[in-house]
1. Mean separation of Cα pairs under 8 Å and 6+ residues apart, divided by the residue count of the chain: what relative contact order is that in percent?
2. Which distance in nm do the two modelled labels at SER226 and TYR200 give, with both placed 7 Å along the Cα-to-Cβ direction?
3. Which order results if HIS188, HIS209 are arranged by neighbouring Cβ count within 10 Å, fewest first?
4. Just to check I understand the Karplus step: with θ = phi - 60° and J = 6.51 cos²θ - 1.76 cosθ + 1.60, what whole-Hz values come out for segment 258-275, glycine and proline as x?
5. Would you grab the residues whose amide H sits under 5 Å from the one on GLN116? Only those 5+ places off in sequence or on another chain, please, with H modelled 1.01 Å from N.
6. Computed on alpha carbon atoms, what radius of gyration and Dmax characterise the chain, expressed in Å?
7. Which is the longest part of the chain that has none of the trypsin sites (Lys or Arg not before Pro) sitting in a DSSP loop with at most 13 other Cβ atoms within 10 Å?
8. Quick one: what does P(r) look like for segment 175-279 with 5 Å bins over all Cα pairs, in whole %?
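Every read-out reported here was derived from the displayed coordinates using simple, explicitly stated rules and does not represent laboratory data. Since the structure is predicted, the reported quantities are computational estimates derived from the model, not experimental observations. All Cβ positions, glycine included, derive from the backbone under ideal geometry; neighbour counts span all protein chains shown.
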Amino acid sequence: MNNKDITAVITSFKSENKIVDCIKSLGSEIEIIIIENSNDKKLKNKLEEKYSNLKCILSEQNLGYAKGNNLGLSLVKTKYALIINPDATVQSNTIENFIQTAKLKQDFAIIAPFVQEKNQNNLKGFKDGITEVKNVKGFAMFLNLEQFRNIGFFDENFFIYFEEIDLCKRLIQNKKKIFLDTNIIISHAGGTSHEESINYEMEKSRNWHWMWSTFYFHKKHYGYISALSRILPKFFSSFFKFIFNLILLNKSKSDIYRFRLLGIINSILLKKSSYRPKI
């Protein structure tokens, strides 16, 4: 196995301010596929002209993280794929370390790195080295595509949130192996992969989908009643915080809790994950 056996897949939405750092960190030896959910032709041309190992696919609508990654993975021709967020960067030895771990654990489905979040730099609570785990963070995942043949990739009902937890759960149910290697480190900026001018709209979207995905995941795996018991405390908490901030005339905060409530209501009524950022 070498770099030519790996394709990086990046699902992006208006992330030009961060994605260039991600691309640079990956280097020129692996193929890169970007699914750009904003249909930004200028960005596509700019990236493809600058990086010969990169292909940018534009989507006419915002597909979300799950469906965007599935589209990218459907275009991969190599045996392995690295899913990585546009606001994440790899270290100089990251790809080589993935390769070495893959050689040691040849029957793996996913190898995940230790994700170094912004302003955080410790491994407290993590075992040193390679550990078999039940789920991993979705910011960066190294996939052995052969292991997904009869399982599929992400559940496209998720727009954002819980899609990687759902995937890991299905892999474990099918007796596939997931590893975390703390010797592989990827830096993640966290929540900053889009332009500053659209932060507020993205925050509303995140809160809507956080609630919707919470309910959908638990309904899918544990049943409607279990999901309802999980989401109702969040409903009442969001409702009282919405009223409180409404009284204080704090529109930005009241909007956030209003969108949480809308996500909860839509999920309980079994409606699809329909909300999209109005950008």
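1. 19 percent
2. Label at SER226, label at TYR200, 4.0 nm between them.
3. By the 10 Å Cβ count, ascending, the order reads HIS188, HIS209.
4. Along segment 258-275, the couplings run 5, 6, 4, 4, 5, x, 5, 4, 5, 5, 5, 7, 6, 7, 5, 6, 9, 6 Hz.
5. Residues meeting the criterion, in which the H sits 1.01 Å from N, are ILE186, SER187, HIS188.
6. Final numbers for Rg and Dmax: 19.2, 61 Å.
7. 176-270
8. 2, 12, 17, 17, 16, 14, 12, 7, 2, 1, 0
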